[in-house]
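Student: Shown below is the structure under consideration.
The values are calculated or read from the model by the stated rules, or taken from the named source; none is laboratory data. The structure presented is a predicted model; accordingly, all values stated were derived computationally and were not measured. Backbone-built Cβ (ideal geometry, glycine too); neighbour counts: all protein chains shown. We work out accessible area using only protein heavy atoms, side chains counted, and drop any ligands, DNA or RNA first. Shrake-Rupley method; radii C 1.70, N 1.55, O 1.52, S 1.80 Å.
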Amino acid sequence: MTETILQQHRVTWEKKPILRALYTTWYKEMTAQLSPGKTLELGGGSGNFKEFAPNVTSSDIVPLPWIDVVADAQDMPFPDQSFDNIVMFDVLHHIENVTLFFNEALRILRPGGRIIMMEPYISPISWLVYHFLHPEPVNFKQDPLVFIDPSPNRQPLDANQAFATILFERKFSQFRDKYPQFLKVYHRRLSFFIYPLSGGFEKPSLIPMFLYQPLLNLEKRLSFISQFLAFRILVVLEKREV
């Protein structure tokens, strides 16, 4: 089922210019945050990030023709200090135990290495869309830093879209206490109108392509109220010696 969905996403990517324009903007912002060196992409999905970082090692939990390595973010098959970056687009909120991932990230990243994450952001506006119109749940009662027993029935696309908002805003002090080795070097809320109106990978777009740049410019001017409007958050963590 997961493989079928990702195959469909790859087809949508080719046929939907507004989606490609939006993701191109995001991918370029993510690649601008990369440290020099080797990059691992977790949750490579439909394989689009490779267009922007061709030397990346792309992985996913399911085997796909364009994926280099099948890997679980909670138990990665890589030697210690083997990468300078870990890139994740809509992956963190699908991980059952995020503490296992961050432990693994500390192990495989070299000093100065970075985790670059694009995730859903739960603002008052986005909550309405994510809660009522999106199949993935938003659960602020779950603490991502608390280990839970792995479920044998869990599917790769099971998720909690609130994880990033909890970890990097509402409970960031707890995250910082648990992982003092990670310094948050970048944190930006983004995407107010274009993303929900684009329909994403699942629904038709409600905006024509010629409005993309004007809307993007408007979003930049409204960044001062991003906590109320944003649908996305980009966070970069850097591994440091403690």
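Student: Can you go through ALA105, ALA159 and tell me which one is buried (at least 16 other Cβ atoms within 10 Å of the Cβ) and closer than 24 Å to ALA32 by Cβ?
Tutor: Within the list ALA105, ALA159, the selection yields ALA105.
Student: Are there any pairs, at least 6 apart or on different chains, whose C-beta atoms fall under 9 Å, with the first in the range 79-94 and closer than 15 Å to TYR23 by Cβ and the second assigned to a strand (DSSP E or B) and open to solvent by 20 Å² or more (accessible area, probe 1.4 Å), and if so, which?
Tutor: As it stands, the answer is VAL87/ARG114, since those pairs meet every condition given.
Student: Right, something else. Please go through the range 227-242 and pick out each residue that is touching a helix residue (DSSP H, G or I) at 6+ places or on another chain (Cβ under 6 Å) and open to solvent by 30 Å² or more (accessible area, probe 1.4 Å).
Tutor: Correct list: PHE228, LEU229.
Student: Please work out if PHE182 is surrounded by 12 or more Cβ atoms within 10 Å (Cβ to Cβ) and either closer than 22 Å to LEU92 by Cβ or at pLDDT 95 or above (or both).
Tutor: Taking the combined requirement at face value, the residue satisfies it.
Student: Among (1) closer than 24 Å to PHE49 by Cβ; (2) part of a helix (DSSP H, G or I), where does GLN161 come up short?
Tutor: All conditions pass for GLN161, except number (2).
Student: Does ASN55 qualify as being over 17 Å from the mean Cα position of the chain (by Cα) and at pLDDT 95 or above?
Tutor: no
Student: Also, I was wondering about something else. Select the strands (runs of 3 or more DSSP E) contained entirely in the range 1-112, then report the ones holding at least 3 residues which are among the hydroxyl-bearing types (Ser, Thr, Tyr).
Tutor: So the answer is 57-60.
Student: Could I ask something else about it? Taking the range 164-198 as the region of interest, how many residues are in a loop (DSSP other than H, G, I, E, B), within 24 Å of SER223 (Cβ to Cβ) and of a type outside the set (A, V, I, L, M, F, W, C)?
Tutor: 2
Student: Anything in the range 69-86 that is surrounded by 14 or more Cβ atoms within 10 Å (Cβ to Cβ) and more than 19 Å from the chain's Cα centre (by Cα)? List them, or say none.
Tutor: Those that are surrounded by 14 or more Cβ atoms within 10 Å (Cβ to Cβ) and more than 19 Å from the chain's Cα centre (by Cα): PHE78, GLN81, SER82.
Student: If you check PRO180, PRO135, which single one turns out to be in contact (Cβ under 8 Å) with a residue 60 or more places away in the chain and either more than 16 Å from the chain's Cα centre (by Cα) or within 17 Å of VAL236 (Cα to Cα) (or both)?
Tutor: Of PRO180, PRO135, the one residue that is in contact (Cβ under 8 Å) with a residue 60 or more places away in the chain and either more than 16 Å from the chain's Cα centre (by Cα) or within 17 Å of VAL236 (Cα to Cα) (or both) is PRO180.
Student: Return the residues of the range 205-242 that are under 19 Å from MET117 (Cα atoms), among the basic types (Lys, Arg) and not in a loop (DSSP other than H, G, I, E, B); say none if nothing qualifies.
Tutor: Result: ARG232, LYS239.
Student: Could I ask something else about it? From (1) open to solvent by less than 60 Å² (accessible area, probe 1.4 Å); (2) at pLDDT 95 or above, pick out the condition that doesn't hold for PHE224.
Tutor: Only one criterion is unmet by PHE224, namely (1).
Student: Contact list please: Cβ distance under 6 Å, first residue in the range 14-35 and more than 19 Å from PHE201 (Cα to Cα), second residue open to solvent by less than 40 Å² (accessible area, probe 1.4 Å) and among the charged types (D, E, K, R), pairs at least six apart or on different chains.
Tutor: Within 6 Å, the pairs are SER35/ASP84.
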